[in-house]
Amino acid sequence: MNVIYILWLRQIKRYLRSKARMIGSLGQPILFLVAFGLGFGPIYQKAGEGSYIQFIGPGIIGMAIIFTAIFSGIEIIWDRQFGFLKETLVAPVSRTNIMIGRTLGGATVAAFQGVIVFLISMIIGFRPLHVAYLPLAFIIMILISLLFTAFGTAIATQLQDMQAFPLIMNFLIMPIFFLSGALFPLEGLPRPLELITNFNPLSYGIDALRATLIGGSHFGLGLDFLVLSGLSIILLFIGSKLFSRIQI
């Protein structure tokens, strides 16, 4: 447990020390909130759907979380190249605990990033409908963070090239985001697109955030929570197995 706590704390300290990383990771969510939320707002309103900033707010919060969560995996490659990972792995501690500590640290940072974007979205014009559901919304943010941090960590254990990781992650992360319903409603989609969104784990995260923040849900909050929890456990298990076989 001490190893988990130390690695969790180390991930958070890394994030807090990197001011450029903190500020830079907010640029894309703010751009989407302003360009899409305010730019398409009048069109969305004319279509009789209300405020677009209200609709995409949960989606952009989810976007900020998954980008931060998945890219936390690059630190494994960084630590491998500079020797810190070797020092950690030769210690008489379980590799599973090491992986869990790193994943919890990355998930905490990603969830914190989501909270920051939530506060920024409120400045731009987003308003949660039920303040009493905010603690539940934060739990959903943690589940999304845990799921995608474990996903990024699992992939990072199989790579040694630092330049390859961002390319592979962008190849995966952009379709996951754009096909999650973050920017458009899931109702009435063509059948092929509907199938893709149904198998996209982020779709359930965005849907759960919408359910808790603006009171609208496509799948149902119970199913959202079940899918996020189940996939988080599965990916933590897979990531632990892959991390235990990592070669220095």
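The values are calculated or read from the model by the stated rules, or taken from the named source; none is laboratory data. All figures in this text were calculated on a predicted structure; none of them were measured in a lab. Glycine gets a Cβ as well: all are built from the backbone with ideal geometry, and neighbour counts include every protein chain shown.
The numbered conditions (1) surrounded by fewer than 14 Cβ atoms within 10 Å (Cβ to Cβ); (2) among the aromatic types (Phe, Trp, Tyr); (3) closer than 23 Å to Leu226 by Cα are all true for Phe148 except (1).
Only one of the listed residues (Ser51, Ser72) is buried (at least 21 other Cβ atoms within 10 Å of the Cβ), at pLDDT below 90 and among the hydroxyl-bearing types (Ser, Thr, Tyr). That residue is Ser72.
A count restricted to segment 121-135 and to residues that are surrounded by fewer than 17 Cβ atoms within 10 Å (Cβ to Cβ) and in contact (Cβ under 8 Å) with a residue 40 or more places away in the chain stands at 6.
Condition (residue is within 25 Å of Gly222 (Cβ to Cβ) and among the β-branched types (Val, Ile, Thr)) applied to segment 164-183: is it met by at least one residue? Yes: segment 164-183 contains one or more residues that are within 25 Å of Gly222 (Cβ to Cβ) and among the β-branched types (Val, Ile, Thr). Of all the criteria given as (1) more than 18 Å from Gly106 (Cα to Cα); (2) in contact with a helix residue (DSSP H, G or I) (Cβ under 6 Å, 6 or more places away or on another chain), the one not satisfied by Ser240 is (1).
Please give the helices (runs of 4 or more DSSP H) falling wholly within segment 158-248 in which 2 or more residues are at pLDDT 90 or above and hydroxyl-bearing (Ser, Thr, Tyr).
Here the list reads 201-213, 221-244.
Sort through Leu129, Leu119, Leu136 and tell me the only one that's of a type outside the set (Val, Ile, Thr), farther than 24 Å from Leu172 by Cα and in a loop (DSSP other than H, G, I, E, B).
Working: Leu119 fails: in a loop (DSSP other than H, G, I, E, B); Leu136 fails: in a loop (DSSP other than H, G, I, E, B).
Answer to the check: Leu129.
Does Phe118 satisfy the criteria of being touching a residue at least 24 places away in the same chain (Cβ under 8 Å) and closer than 25 Å to Phe243 by Cα? Steps first, please.
Values: touching a residue at least 24 places away in the same chain (Cβ under 8 Å): yes; closer than 25 Å to Phe243 by Cα: no.
When the stated conditions are applied, Phe118 does not pass them.
Residues that are under 11 Å from the mean Cα position of the chain (by Cα) and either among the hydroxyl-bearing types (Ser, Thr, Tyr) or over 17 Å from Ile98 (Cβ atoms) (or both) within segment 146-176 comprise Leu147, Phe148, Thr149, Phe151, Ile173, Ile176, listed in sequence order. Of everything listed in (1) in contact (Cβ under 8 Å) with a residue 60 or more places away in the chain; (2) among the β-branched types (Val, Ile, Thr); (3) surrounded by fewer than 19 Cβ atoms within 10 Å (Cβ to Cβ), the single unmet condition for Ile206 is (3).
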